[in-house]
1. Express in Å², to the nearest 10, the accessible area of CYS57 obtained by rolling a 1.4 Å probe over the protein heavy atoms while all chains stay in place.
2. Taking the Cβ of LYS8 as the centre, find all other residues whose Cβ is under 12 Å away and add up their charges (Lys, Arg: +1; Asp, Glu: -1).
3. Would you list, by chain and number, the lysines whose Cα falls below 16 Å from the Cα of LYS23, excluding same-chain residues fewer than 8 positions away?
4. Where does helix 131-143 land angle-wise versus the long Cα axis of the chain, in degrees 0 to 90, nearest 10?
5. Once the piece of chain linking ASN71 and LYS15 is laid out straight, how much longer is it, given 0.36 nm per residue of separation minus the C-alpha distance between them?
6. I'd like the accessible area for SER47: 1.4 Å probe, protein heavy atoms, all chains in place, Å² to the nearest 10.
7. Pairing the Cα long axis of helix 98-112 with the longest principal axis of the chain, what angle in degrees results, from 0 to 90 and rounded to the nearest 10?
8. What are the GluC sites (Glu not before Pro) within region 86-194 that DSSP puts in a loop, where the Cβ has at most 13 other Cβ atoms within 10 Å?
Amino acid sequence: MSFCAEVKNEICSHKASSRCCRKAECAGLYLGAKKKKNGDVTFKTSSQEVAYLIERCFERHLGECTVKISNNGSYNLDFSSNGTNYEFGDISNIFEKECCRASYIRGAFLICGQLTNPGENYRLDFNLRAEESAQLLFAVLTESGFQPRLSVKSSGYATVYFKNSNAIEDLLTYMGATLSTLDLMEIKVEKDYK
């Protein structure tokens, strides 16, 4: 299992306790949704735990869910809207509390986050389908005390990322992945010792 997959599993084990934090986590997950013109919404993930969390978050709001497992082991979650376009609504109030900002970032990482193997390199990415979504995530991360970088592609895709190992450690801890943070620190010490 990759280091990124281990981090996501640890984050999935962290349950948002309050209603506002659950909404924030779902809003973060929604950043990775592919919205179709007919109103249907699709999520794709390589993690069974993330797939279960998505299904739990959205089954009430997005309609019937069909889960397909592809040959490479990824999970495709298709929500049939029956022709009704779903909009998440106003989420500005979820950024008022720090716990909700952490939940939002956690949800975003689960669906569109990547983390390199720290034995090789230090990089944490949020790969988003739209620049607007990347700008919002960038603002939430900045408001939470982080200093992310932003790269926008001509295709409209955007990446919010970190390359500093200390910043990655802080972000993992903020998202609730404290054991993974300790693993990362241990790997850094081993690399420095060699």
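1. Only protein atoms counted, so the area is about 20 Å².
2. Details: positive: ARG106; negative: GLU6, GLU10, GLU49.
Computed value for this residue: -2.
3. Excluding near neighbours in sequence, the set is LYS15, LYS97.
4. 50
5. Using 0.36 nm per residue and subtracting the Cα-Cα distance, I get 17.2 nm.
6. 20
7. 80
8. Details: sites: GLU87, GLU96, GLU98, GLU120, GLU131, GLU132, GLU143, GLU169, GLU186, GLU190; in loops: GLU87, GLU96, GLU120.
For GluC sites (Glu not before Pro) across region 86-194 that sit outside H, G, I, E and B with at most 13 neighbouring Cβ atoms in 10 Å, the list reads GLU87, GLU96, GLU120.
The values are calculated or read from the model by the stated rules, or taken from the named source; none is laboratory data. Computed from a prediction, not measured in an experiment: that's the story for all the values here. For neighbour counting, all protein chains shown are included, and Cβ atoms are generated from backbone atoms with ideal geometry for every residue, glycine included. Calculation scope for accessible area: heavy atoms of the full protein, side chains included, ligands and nucleic acids excluded. Shrake-Rupley method; radii C 1.70, N 1.55, O 1.52, S 1.80 Å.
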